[in-house]
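The values are calculated or read from the model by the stated rules, or taken from the named source; none is laboratory data. Not measured: the values here are computed from a predicted model. Here the Cβ positions follow ideal geometry from the backbone for every residue, glycine too, while neighbour counts run over all protein chains shown. Surface areas here come from the heavy atoms of the whole protein model, side chains and all, with no ligands, DNA or RNA. Shrake-Rupley method; radii C 1.70, N 1.55, O 1.52, S 1.80 Å.
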Amino acid sequence: MIQIDREITQDFERASGLEWLETNGLGGWAGTTVAGVHSRRHHGLLVAATQPPGRRTVLLSRLDETLHVEGDSFELSCNQFPGIVIPRGYEHLASFRKDLFPVFEFEAGGVRLRKTVAAVDGENTTLVLYDALESPGPFILSLRPFLAARDEHELATANPGINQEAPFMDGILRLHPYPEVPELFVQVPGAEFRPNPQWWYRFEYERDRRRGFDFQEDLWTPGVLGLQLAAGDRLGIVISTRSPEGRDAFALFDKERKRREKIVKALPVQDDLARDLALAADGFVVRRGPNQRTVLAGYPGLGVRSRDAMIALPGLCLVTGRFEDAKKILRAFARSLHKGLLPDRLPEKGEIPEYTSADASLWLFVAAWKYLQATGDEAFVRETLLPALRKVVHTCARGGEQAETDALWYNALAILAEIETRVGDPEEAKRLSQQSKRVQKRFQEAVWNEEAGNDAQVFALSLPFPLLPKPKAAKLLAAIEEKLAPGSAWTPLLGPYLTALVRVHGAAGRKKALAVLENLKPRLAEAVVGSLPESAQAWSVAEVLRAYVEDLQPRSRKAP
């Protein structure tokens, strides 16, 4: 559990620089800053993936809360407008913690109120749960929803075309602001609704401003929901694109909690770091149509990138025991090959795929090899992956071995040789093995003529089949360390670096790698809390988790 106390939560600059993120397994999310102020256009309480995993729509931007206690009012929300931050609800935020879910604890007017936010896997639904922990007597909690109802990359502007109808019945508020966006349901059991439709103008998003983007937005609110609570009471709110009629927020929450607990229990390593990384990794594995899975490259706003998906797959799915998800992902990418190449990203409906990534299809070999090692699923590899891998190698060979000195090309040949030996053609395996040795020799001759310490060489030292003898590998690793300053600004390469440390230096390398990770742990409370700095990126999280489980645990380490 990552705990952030009032020293930070009640400091606007620090709390507004920390973000939390809840993902729903479709590519949608809920998330904003710990302070509650939106700092970028991608923030929202329900960002729905209308055509999973793409086409994200910021439906409900925010749900602003006010406590009314014995004649006084205390606003718990936080917004930034030109020249002013108002209200300043973070001043009542006593703590924030991130475990299975983000949890906020507010103290105001003698009331201690706990709020938990959860995105429900497999649907565009966000749950907001309130627990009244302490109160001097009954109090009123009022809630004002603000809608953006626009594409995740755009900004809303006040307009007369919005549908202001907001029918409220049996605790459910129905909103359908524009024909092209999904209908939105907000269920607040026991609440009363006071219609007061308004546009609020010029919400400001500071991170967007600093990046030189448009940063002001108008949001529409239909009115205010309110109900009375007292100490010991609980309130569960369902915010969804499907009708919540007959559904219970706490039952949905318990189901989602059990799903996440199952992910944690399946880990071969049971400690806080593995737990945090596995929960972060869960958000990148998303649905893509019926019975299909894929990998989102990152949040917010990144789509399905083939190269990122193949690099991330072992850490997201294999070390976490999610073998069926891995199988579905690999099948989808194997079927997407065209003339031996993977598309840069899996296209959405109507999109034309592009094929400009030179090495995405070579990362498919690494993912396939690790899948076979983890699962022993020879039938799937023989029937689905082997034909695809053969196409890639034959295409590259016809191109004149374009990557003669490339570590990935060498690994592709060596991996295919091993797979052919195990489930394919032994004679072809011998030919591939000889070819891989020629590539290895050329690599060893060429690598010393290049400037040491580039990104590709970090991967070269960590791929399944090493290219360099240990003395040369140690020299190259030292040059990489000097140039890249591990553990600071190169999180995407941290996983491969940890693997390289163990591979090159053995027990001493493992000790050093664990020290690097120990220094990294406090940074899980930075940027996107519970993920690696500086962003929620699939391969960064996945590769660190993979290296931690595969290489840094004595019981699970394997000789390369």
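Screening ALA158 on (1) closer than 24 Å to ILE84 by Cβ; (2) without any contact (Cβ under 8 Å) to a residue 12 or more places away in the chain shows it passes everything except condition (2). Would you be able to say whether some residue in the range 74-89 is within 18 Å of the chain's Cα centre (by Cα), open to solvent by less than 20 Å² (accessible area, probe 1.4 Å) and of a type in the set (Gly, Ala, Ser)? Looking for residues that are within 18 Å of the chain's Cα centre (by Cα), open to solvent by less than 20 Å² (accessible area, probe 1.4 Å) and of a type in the set (Gly, Ala, Ser), one finds none in the range 74-89, hence no.
Looking at the range 95-148 only, could you name the residues that are more than 18 Å from the chain's Cα centre (by Cα), open to solvent by 10 Å² or more (accessible area, probe 1.4 Å) and within 17 Å of HIS42 (Cα to Cα)? If the condition is that a residue be more than 18 Å from the chain's Cα centre (by Cα), open to solvent by 10 Å² or more (accessible area, probe 1.4 Å) and within 17 Å of HIS42 (Cα to Cα), then no residue fits. Checking SER61, SER16, SER39 one by one, the residue that is under 26 Å from GLY110 (Cα atoms), touching a residue at least 60 places away in the same chain (Cβ under 8 Å), surrounded by 20 or more Cβ atoms within 10 Å (Cβ to Cβ) and within 21 Å of the chain's Cα centre (by Cα) is SER16 and no other. Looking at ALA397, ALA332, ALA358, just one residue is modelled with pLDDT under 95, in a loop (DSSP other than H, G, I, E, B) and surrounded by fewer than 19 Cβ atoms within 10 Å (Cβ to Cβ), and that residue is ALA358. When PHE193, PHE185 are screened for being part of a strand (DSSP E or B), open to solvent by less than 40 Å² (accessible area, probe 1.4 Å), in contact with a Lys or Arg (Cβ under 7 Å, 6 or more places away or on another chain) and not acidic (Asp, Glu), only PHE185 passes.
Checking each residue in the range 498-534 for being surrounded by fewer than 17 Cβ atoms within 10 Å (Cβ to Cβ) and polar (S, T, N, Q) picks out only ASN519.
For the range 335-355, a residue qualifies if it is in contact with a helix residue (DSSP H, G or I) (Cβ under 7 Å, 6 or more places away or on another chain), under 29 Å from ALA547 (Cβ atoms) and open to solvent by 20 Å² or more (accessible area, probe 1.4 Å), and the qualifying residues are LEU337, LEU341, ASP344, ARG345. Considered as a group, the residues in the range 287-297 that are hydrophobic (A, V, I, L, M, F, W, C) and buried (at least 24 other Cβ atoms within 10 Å of the Cβ) include one that is farthest from the chain's Cα centre (by Cα), and that residue is VAL295.
Filtering the range 42-56 down to residues that are over 17 Å from VAL304 (Cα atoms) and part of a strand (DSSP E or B), which residue is most open to solvent (accessible area, probe 1.4 Å)? Looking at residues that are over 17 Å from VAL304 (Cα atoms) and part of a strand (DSSP E or B), I get LEU45.
One line per residue, one yes/no per condition, for (1) assigned to a strand (DSSP E or B); (2) charged (D, E, K, R); (3) on the phi < 0 side of the Ramachandran plot; (4) touching a residue at least 12 places away in the same chain (Cβ under 8 Å):
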site	(1), (2), (3), (4)
TYR90	no, no, yes, yes
ARG112	yes, yes, yes, yes
THR126	yes, no, yes, yes
LEU129	yes, no, yes, yes
LEU133	yes, no, yes, yes
